[in-house]
Every structure is written in C-alpha cells, then in structure tokens.
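Asks: Before I ask anything, here is the structure I am working with.
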Amino acid sequence: MSERQTRSSRHLQPSRNKKLDKILNVLIGIVIILIVLTAMYVFKWQDDAQDDVNEEAVQEQKNDDGDKEPPTKNDSSDKDDQRTEDEQSGEEDQQSEEEQQPEQNTAVETTSDDPIVERVVTDKNWKPTPTTQTGAHVSSYDSQSVDWAEKLATVTAVTGITNDNMIVWRVQNNGGANKAIATVSTKDKSEMYRVSMEWIDNEGWLPVKLEQLNTLEGAY
C-alpha cells in the first residue's frame, strides 16, 4: 500500500466515527422521548381508570339511595296505631295487677274488759249494707221485715257467716233508734260474734264493731 492511500484512510476514520456518534445520539434521544411518552400515557391511563371507578361508586351509592322508599303516611299511621295499642296494653296490665293486689288491711284489733269477749275488731273501711228502704227509717226486729234482713246481711258482711250456717241468738236495740246489736254463731258454735251497727240515712246499716266471743253465756 502506498503512503498516500494510508493517509487517506486515516483521514476518513474520524469522520465515520462522528457520524456514528450522531446517529447513536439521535436514537438515544428518540428512545428517551418514547419512554417519557409511554410513562405519561400509563400515568394518564391510571388516572382515568381511577376516575371511572370513583364515578361508578358514586353512581351506585346514588342508585342505592334512590331505591330506598321514603316512609309513607300509612307506615306512620301503622306505627302510631301500634304505639297506641302498646300504651293501652300497658295500662290494662297495670290495672290488672292493681286489681290482683290484695286490699290493704285497715282493720284494728283490740282487747276488751268483758271476759266473754276474746277480741274486738273495728275497720274504717267498712261500708254500709246497701238498702232498698225508702222514706223515714224505722228499725224493725220482725224476722220477716226488710230491715231485719238487711241487719243480717250486715252481720254476714263482717263475720263471713252465711244465712244457711247462722244461728241468730238475738238482735236488739243498742241504745238508740238507729243503733242495733246482733249476737250470732255458726251452727256448730265454733264461731260466735256480737256485731254492733248504726243506721246511715239513705245508705243502710253500717257495722261499727265486731266482738269475737268465747262463750254465749251472758252474751245477750
């Protein structure tokens, strides 16, 4: 090879290298641009996808809220009726409980100086025996009269002895026209009583004292 050719070859070598460098730089720049564009596209796609998910969730929530029917007047009326029934039921239960509770015992028991009297009972809650008599009252000791029957009804009310199990030993005046006292016992004489009573106008005979006796001797 001649010296001229060698010099020419050496002169062309740097020029080729520069061209290759330029091409490589251009390609690298293109690749970088493509990477940037790809990254931007991916991020944009993710943001759009997230926005779509959020919009779908909001729409579903609106649909769920729309499906819930507001309470109607009938529903409100039914609730009011149920509340009224519950209140009435509660009042009835309370009334039933009160009726089932035994009445408070207001009877007062004392002793007596009379040796034939075992105990004396009085009660402020005793009521008059309802009367069917009208007009001016006249105390009667006729066993066939209405007044007599009402006296015995008063005795039954405080002693618990019914007419078919009662022996009437005596019914008499007790110191006034409107006062009477009855001495009675059960037929087997296991229970013996004296009942003092007073007449209340337009109401009837009111028991005022019950004496439980231990004997009938000297009781009337």
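Asks: Can you tell me the relative contact order of the stretch 138-187? Whole percent, Cα pairs under 8 Å, sequence separation 6 or more.
Replies: Values: 53 pairs, mean separation 15.6, N = 50.
Computed value for the stretch 138-187: 31 percent relative contact order.
Asks: On to the next question. Hey, can you grab everything whose amide H is under 5 Å from the amide H of residue 200? Only 5+ residues off in sequence or another chain; H modelled, so Pro and N-termini drop out.
Replies: Hits under the 5 Å cutoff: 205, 206.
Asks: Which order do the peptides 113-123, 205-215 come out in when sorted by mean C-beta neighbours inside 10 angstrom, highest first?
Replies: Descending packing order for the listed peptides: 205-215, 113-123.
Asks: Between residue 133 and residue 168, how many nm apart are label points set 7 Å from Cα along the C-beta direction?
Replies: 1.3 nm
Asks: Any idea how far apart residue 84 and residue 35 come out in nm if each label point goes 7 Å out from Cα toward Cβ?
Replies: Roughly 8.1 nm, to one decimal.
Asks: For residue 174, which sequence-distant residues (separation of 5 or more, or a different chain) have an amide H within less than 5 Å of its own amide H, given hydrogens modelled in the peptide plane?
Replies: 179, 180, 181
Asks: From the phi of every residue in the stretch 141-147, what ³J(HN,Hα) in whole Hz does the Karplus formula 6.51 cos²θ - 1.76 cosθ + 1.60 yield, where θ is phi - 60° and glycine or proline is x?
Replies: Ordered by residue, 3J(HN,Hα) equals 10, 7, 5, 9, 8, 5, 4 Hz.
Asks: Still on this model: Give me the count of lysine pairs in the stretch 89-220 whose alpha carbons sit under 15 angstrom apart, restricted to pairs 8 or more positions apart or on different chains.
Replies: Qualifying lysine pairs in the stretch 89-220: 6.
Asks: Also: Between residue 123 and residue 187, what FRET efficiency comes out of the Förster formula 1/(1 + (r/R0)^6) with R0 = 30 Å and r the beta carbon distance, rounded to 0.05?
Replies: The pair residue 187/residue 123 has a calculated efficiency of 0.70.
Asks: How much of the accessible area of the stretch 114-220, in percent, comes from carbon and sulfur atoms when a 1.4 Å probe is used?
Replies: In the stretch 114-220, the share of accessible area belonging to carbon and sulfur is 47 percent.
Asks: Could you calculate the contour length gain from residue 26 to residue 177, that is, 0.36 nm times the residue separation minus the distance between their Cα atoms, to one decimal place in nm? List each step's numbers first, then the result.
Replies: Working: separation 151, 0.36 × 151 = 54.36 nm, distance 14.36 nm.
Taking 0.36 nm per residue and subtracting the Cα distance, the gain is 40.0 nm.
Asks: Sticking with this one: Compute the length gained on full extension between residue 198 and residue 157: take 0.36 nm times their separation in residues and subtract their Cα-Cα distance, giving the result in nm to one decimal.
Replies: Full extension from residue 198 to residue 157 adds 13.3 nm.
The values are calculated or read from the model by the stated rules, or taken from the named source; none is laboratory data. A quick note: this is a predicted structure, and the numbers were derived from the prediction, not measured. As a convention, Cβ positions derive from the backbone with ideal geometry for all residues, glycine included, and neighbour counts pool all protein chains shown. When the accessible area is computed, the model is the full protein with side chains, heavy atoms only, and any ligands, DNA or RNA have been set aside. Shrake-Rupley method; radii C 1.70, N 1.55, O 1.52, S 1.80 Å.
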